[in-house]
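Heads up, the thing below is written out as structure tokens.
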Amino acid sequence: MAGDKLPIAILWHQHQPFYRARWDGDPRGSYILPWVRLHAIRDYYSMAALVGEFPDVHVTINLVPSLILQLEDYVEHGATDLLQELSVKPADRLSGAERDFIVARFFDASWENEITVHPGYARLLNMRRARRHFADQDITDLRMWFNLAWFTADAQRGAIDLPDGTTADVSDFVKKGAAFTIDDIAAVLGEQTKLMRNVIPIHRQLMEAGQLEISVTPFYHPILPLVADTDLATIDAEGATLPGRFSRPEDARAQIEKAVVFYEERFGRPPRGMWPSEGSVGQHVAQLFVDAGLSWIATDQGVLARSGKWGYDTNDPKVLARAYRIGGEEQSVSAFFRHTQLSDDIGFALQGYADYDRAADDYLTWIKDGFARTIDDRGEHILSIILDGENAWGSYRNRGTAFLRGLYRRLADDPDLVSVTFSEFIDGNESRGIRPHPLESQELVSPLFCASWIDEMGSAPGNDLNIWIGSPQENRAWELLGKVRDHMEEVGATPESHPDAYESIYRAEGSDWFWWFGDDFVQPTGGELVFDYLFREHLKDVYRQLGEEPPSELDSPIALDIVIWTPTDPAVSVGSSQVLRIVVDRPGKIRWTGDKWATFAEVVLVPAGDVMSNRIGYVATIGPFGDGSSMVEFHLDKEGDGASGRRDDETVYRVPVED
């Protein structure tokens, strides 16, 4: 009986921020970034379909409303993204800047697992590395491979039967390999649309079969505790400070309520569960979950460790692997706390296995050794494994399908473990031997610590909110958000009188813009500037919806003014107030000077990548350089180098500094 087994609740979180930059006129090209489309054809459809192959496996998939809204925009309203439009433009009509953009950005995929595995795509990558000229046919082949490489491995191998009765199949194009035409690309984009159109139907089909629970996140993925009150933020990084107070609990409530209504319209029933954006919670927002009629929420082990009067020993399996409740004595919702390491192992460790069946075996062994074999009354406990359901799979061969099939196959037949959804654990499922665990039987956690699922690197130990607040750039963004939000109130705008203006401010409250401000995370290509632009566009749109001109201060970037330098595309110059981002393909140190080696500094090259495409490089950022420098010089340190500044046997790179 499953009652003797340890319940395992896996939640895959699927999310994209709102990438549409304009609403007037033609919807084609209105999306700045392509990640909704590309992750739909690789992850969003296949992650659900893979579960469907194993009827005895039950999981939860969290779908953020802003993601669903964008999928609908693509398939129902003709919206496209800029890269999609460039994909079908005849090569002889492309401008020089467009061709350069294609060569720069149409390799945004995992080089190891999505590019070099295809000889035709690998040839083009080698051309770029060698800085060779891309002829018209090369440009067309590159655009085709970019769109092909992102497909789920199953569609690359053959036809996939879809819920609406159609099939998706790009195997013939993969076999063709080169000499593609624009008509070929258009046909592949049509196959993409089929998969996108079936993302929600496959989820609904599995939900109605009782195999899948679909949970939800506040509508535009805001950090709820910060939207409610930035003064209550947990920040513990050195030098971090709070911005001028932003406190809009009514917006936090609206983001939840909008999500619940949106979900019910799409799935015919209200959601039972919610994964708060980035697992961010706090006692001051707990009642919002109760008021929304939710049954459960989930967050991280590190939050539980810092909650209550004395904290919790989450290293004790019996403490972590159970259901709790949050809120108050009279009103509360169930709360589950994920095991951080076991969740991160899937996202960051298991992809390196040569044999994914062995990876699945080892993973379940870790669970059994740490939990199933140490807990006596296993059916009264639950182990929560919660992680991103989209970005990890570029790091796996075959986009993770071999690992996931191996994991699900073993989980379906395991004598010690049983997969459950969170609602199934609460309600019980007699047919599967799952005992009920009603709310009143769960221990109240109070106060609930204000933090997310992340403990920022370099900060004091313990989960926090440093990623989204505390640096000068993050704080400026919060203060701009507050200024615009206050203006709405000053002019008497309400959600009823100006719904579109409120929609824009809710978009600007999303977490992703703040994620990329500051130096917490770095994109080798300077991609954070795009998120900066989108954030400010959402704020500008508030004024447009109020019938006003946006203030000029929203034209000024918030992110660092970055100049990118790579060995294949070295920067021509850098401004004295700018920073130089050096991107190379190996680790080490950058040794640099702005005064002809009279003095010098060292900066460690750190791994960095585009979280959406899994492109990885090693990055160091230097500057700004001030008015006293006319030339910045640097070289890459080798193993065993001393600390003597410039070495005669090193290649020294020089970039002029301009005022």
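The values are calculated or read from the model by the stated rules, or taken from the named source; none is laboratory data. Values in this document were obtained by computation on a predicted structure and should not be read as measured data. Neighbour counts are summed over all protein chains in view; Cβ atoms, including those assigned to glycine, are modelled from backbone coordinates with ideal geometry. Ligands, DNA and RNA are excluded from the accessible area calculation, which covers all protein heavy atoms including side chains. Shrake-Rupley method; radii C 1.70, N 1.55, O 1.52, S 1.80 Å.
The combined condition, being closer than 30 Å to D92 by Cβ and open to solvent by 10 Å² or more (accessible area, probe 1.4 Å), is fulfilled by V174. Flag: S497 matches the condition of being at pLDDT 95 or above, open to solvent by 40 Å² or more (accessible area, probe 1.4 Å) and hydroxyl-bearing (S, T, Y). Give the number of residues within the range 465-492 that are out of contact with any Cys (no Cβ under 8 Å at 6 or more places or on another chain) and open to solvent by less than 30 Å² (accessible area, probe 1.4 Å). So the count comes out to 16. Counting only residues that are over 14 Å from the mean Cα position of the chain (by Cα) and buried (at least 19 other Cβ atoms within 10 Å of the Cβ), the range 38-54 holds 10 of them. Figure legend. Inter-residue proximity from the range 260-281: first residues within 18 Å of T421 (Cα to Cα) and among the charged types (D, E, K, R), second residues open to solvent by less than 10 Å² (accessible area, probe 1.4 Å) and assigned to a strand (DSSP E or B), beta-carbon distance below 7 Å, spacing 6+ or different chains. Indicated pairs: R272/W296. Condition first: polar (S, T, N, Q) and open to solvent by 10 Å² or more (accessible area, probe 1.4 Å). Can you find one or more residues in the range 261-282 that meet it? No - not one qualifying residue is present in the range 261-282.
Return yes or no: is G293 part of a loop (DSSP other than H, G, I, E, B) and over 24 Å from D4 (Cβ atoms)? Yes: the conditions hold for G293.
Selection of the range 534-588 for residues being open to solvent by 40 Å² or more (accessible area, probe 1.4 Å), modelled with pLDDT of 85 or more and among the aliphatic types (A, V, I, L, M) yields I564, V572.
Remark: pairs (first residue in the range 83-110, closer than 21 Å to R123 by Cα and basic (K, R); second residue in a loop (DSSP other than H, G, I, E, B) and open to solvent by less than 40 Å² (accessible area, probe 1.4 Å); Cβ separation under 8 Å; 6+ apart in sequence or on different chains) = R99/F134. Looking across the range 83-110 at every residue that is of a type in the set (D, E) and in a helix (DSSP H, G or I), the one that is least open to solvent (accessible area, probe 1.4 Å) is identified as E98. Does V59 satisfy being closer than 30 Å to A9 by Cβ and either open to solvent by 10 Å² or more (accessible area, probe 1.4 Å) or among the hydrophobic types (A, V, I, L, M, F, W, C) (or both)? The answer is yes for V59.
Among the residues of the range 380-404, the one identified as over 24 Å from D300 (Cβ atoms) and open to solvent by less than 10 Å² (accessible area, probe 1.4 Å) is T401. Checking each residue in the range 241-253 for being surrounded by fewer than 20 Cβ atoms within 10 Å (Cβ to Cβ) and of a type outside the set (S, T, N, Q) picks out L242, G244, R245, P249, E250, R253. Where strands (runs of 3 or more DSSP E) fall entirely within the range 323-440, those with at least 3 residues that are touching a residue at least 12 places away in the same chain (Cβ under 8 Å) and under 27 Å from the mean Cα position of the chain (by Cα) are at 332-338, 383-388. When the range 69-82 is filtered for residues that are part of a helix (DSSP H, G or I) and either open to solvent by less than 40 Å² (accessible area, probe 1.4 Å) or touching a residue at least 40 places away in the same chain (Cβ under 8 Å) (or both), the ones remaining, listed by number, are L69, Q70, L71, E72, D73, Y74, V75, H77, L82. Examine the range 9-21 for a residue that is over 30 Å from I426 (Cβ atoms), modelled with pLDDT under 95 and more than 17 Å from the chain's Cα centre (by Cα), and state whether such a residue exists. So far as the range 9-21 goes, yes, one or more of its residues are over 30 Å from I426 (Cβ atoms), modelled with pLDDT under 95 and more than 17 Å from the chain's Cα centre (by Cα).
Scanning the range 55-68 for residues that are outside any helix (DSSP H, G or I) and either of a type in the set (G, A, S) or within 18 Å of the chain's Cα centre (by Cα) (or both) yields T60, I61, N62, L63, V64.
In the range 456-464 there is at least one residue matching the filter, namely being open to solvent by 10 Å² or more (accessible area, probe 1.4 Å), farther than 30 Å from A323 by Cα and touching a residue at least 24 places away in the same chain (Cβ under 8 Å).
Contact map, the range 283-294: first residue surrounded by 17 or more Cβ atoms within 10 Å (Cβ to Cβ), second residue polar (S, T, N, Q), Cβ cut-off under 7 Å, separation 6 or more or different chains; pairs are Q283/S446; V290/Q331; V290/S332. Residues in the range 23-32: is at least one open to solvent by less than 10 Å² (accessible area, probe 1.4 Å) and assigned to a strand (DSSP E or B)? Within the range 23-32, one or more residues are open to solvent by less than 10 Å² (accessible area, probe 1.4 Å) and assigned to a strand (DSSP E or B). Within the range 48-98, can you find the residues that are touching a strand residue (DSSP E or B) at 6+ places or on another chain (Cβ under 9 Å), over 20 Å from W35 (Cα atoms) and acidic (D, E)? Listed by number, the list holds a single entry, D56. Residues in the range 111-155 that are of a type outside the set (D, E, K, R), farther than 16 Å from F173 by Cα and open to solvent by 10 Å² or more (accessible area, probe 1.4 Å): W111, N113, T116, N126, A130, H133, F134, A135.
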